[in-house]
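Enquirer: I'd like to ask some things about the structure below.
The values are calculated or read from the model by the stated rules, or taken from the named source; none is laboratory data. Keep in mind it's a predicted model, so treat the numbers as computed, not measured.
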């Protein structure tokens, strides 16, 4: 299938199918015009993402990735309660660099954004396989403890994303 001279692959079609309901929800009404407009806008978004965001999303299984947002929402709430506990008992911040096993550029960006969404952590840099993270830690914890930061912020998120990598 061609869109603006670009060939769409199977993952692009999945993205268009997933983005169209988002458009329909934003339109606040279900009609043929909303569905058709949603398909056109979604195809345009996919086209511009390919043109201006050069991420390799060919090696991603979107069907396995479909449950990840629900898991992430749960982790955000759990981490929020943990962050409250750390703040109430005394907190400090540390900067740590952790390594990821994910090879897909797209999934690395998803991981980095997921870490930033988790309360108490902010991704500062993604360079190759290394992720630099600013993290909220207990007052007596070692600020450079890579194992603790790795376990708290990315181990389970990374494991879920590795399942979606082909």
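Enquirer: Is there a residue being in the same structural domain as residue 141 (by TED's automatic domain parsing) and at positive phi anywhere in segment 90-104?
Expert: yes
Enquirer: Next question, about the same structure. Look at segment 98-139 and say how many of its residues are at pLDDT 85 or above and assigned to a strand (DSSP E or B).
Expert: Qualifying residue count for the region: 14.
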